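Presented below is the structure to which this report refers.
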Amino acid sequence: MWDLAADTAFFGDPVEAFLDDRTLFCAAFVAYYTDHEPDRLWVAELDGILAGYLTGCGDSRHQTQIYRSRILPAVLWGVLRRRYRVGLKTLRFALRMARDELERGRPDVSLDRYPGHLHINVRASARGNGIGRALLERSLAQFWSTSVPGVHLSTTDYNVAACHLYESMGFRLLYAWSSRLWRGLVDRPVERRIYGIHPTWT
């Protein structure tokens, strides 16, 4: 599953567009879900090939604690031990990410209302087969059955089809902001978006 996460990390294309080492990406951004909440991991196959996945978290505050106390220190230690390739591409992205967080000018998600979160990716060649909708339906059913009162996700307006899918399933746009994160990597300005959903909206 880590390979698929890295293969689709850049708007459906490989992570190497903005990072030097896919293992670093997976250790930093995927490991929590596979190692700490594997029961919320959903995958889809098409013609025997892994075509999509959805990772989820029932308590974002707990996820942040684990990330800060375990995931991030392990990643930084790996960088210091030169387990990962860290070149100019990675350093530029890290600076853009830090700047984006400082300049976003928006409130944080209300984790009382939307404590859960999810992330979904479908291989470009497998899109248009209903995989994204099927993964979301199963994940949301699991969230509601485990009494998670609300779920949020992060995306961009560059993912036009994804935004349409979320809205068609009852997600509502909570807020959006202009982002520099992907400047120089895509051909137009990008708006980052946060969507949220409650079980009564579906």
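In the chain, the calculated helix contribution to ellipticity at 222 nm averages -11000 deg cm²/dmol per residue, counting -39,500 (n - 2.57) for every DSSP H run with n ≥ 4.
I want the local charge near Leu50. Using Cβ-Cβ distances under 13 Å, sum +1 for each Lys or Arg and -1 for each Asp or Glu among the other residues.
After counting each charged neighbour, the total is -3.
If R₀ is 41 angstrom, what is the calculated FRET efficiency for the pair Arg180 and Asp47, using the beta carbon separation as r and rounding to 0.05?
It comes to 0.55.
A simple spin-label model places the labels of Thr23 and His36 2.2 nm from each other, with each point 7 Å out along Cα-to-Cβ.
Each residue of the stretch 136-144 is assigned a 3J(HN,Hα), and the resulting list reads 5, 4, 5, 5, 5, 4, 5, 4, 5 Hz, derived from the Karplus form 6.51 cos²θ - 1.76 cosθ + 1.60 (θ = phi - 60°), x at Gly and Pro.
Charge tally for Ser125 (other residues, Cβ to Cβ under 12 Å; Lys, Arg +1; Asp, Glu -1): -1.
Computed about the Cα centre, the dipole magnitude for the chain is approximately 660 debye when only Lys and Arg (+1) and Asp and Glu (-1) carry charge, each at its Cβ.
Charged neighbours of Tyr33, selected by a Cβ distance under 14 Å, balance to -2 (K, R count +1; D, E count -1). Take every pair of alpha-carbon atoms less than 8 Å apart whose residues are at least six positions apart; their mean separation over the length of the chain yields a relative contact order of 22 percent. Result for the chain in a Gaussian network model with C-alpha springs under 10 Å: among Ala51, Ala161, Ala126, the largest mean-square fluctuation is at Ala161. Extension gain for the segment Ala74 to Val160, taken as residue separation times 0.36 nm less the Cα-Cα distance, is 27.5 nm to one decimal.
Values in this text are rule-based calculations from the coordinates and carry no lab data. This structure is a prediction, so every number in the text was calculated from the model and none was measured. No Cβ is skipped: glycine too gets one built from the backbone with ideal geometry, and neighbour counts run over all protein chains shown.
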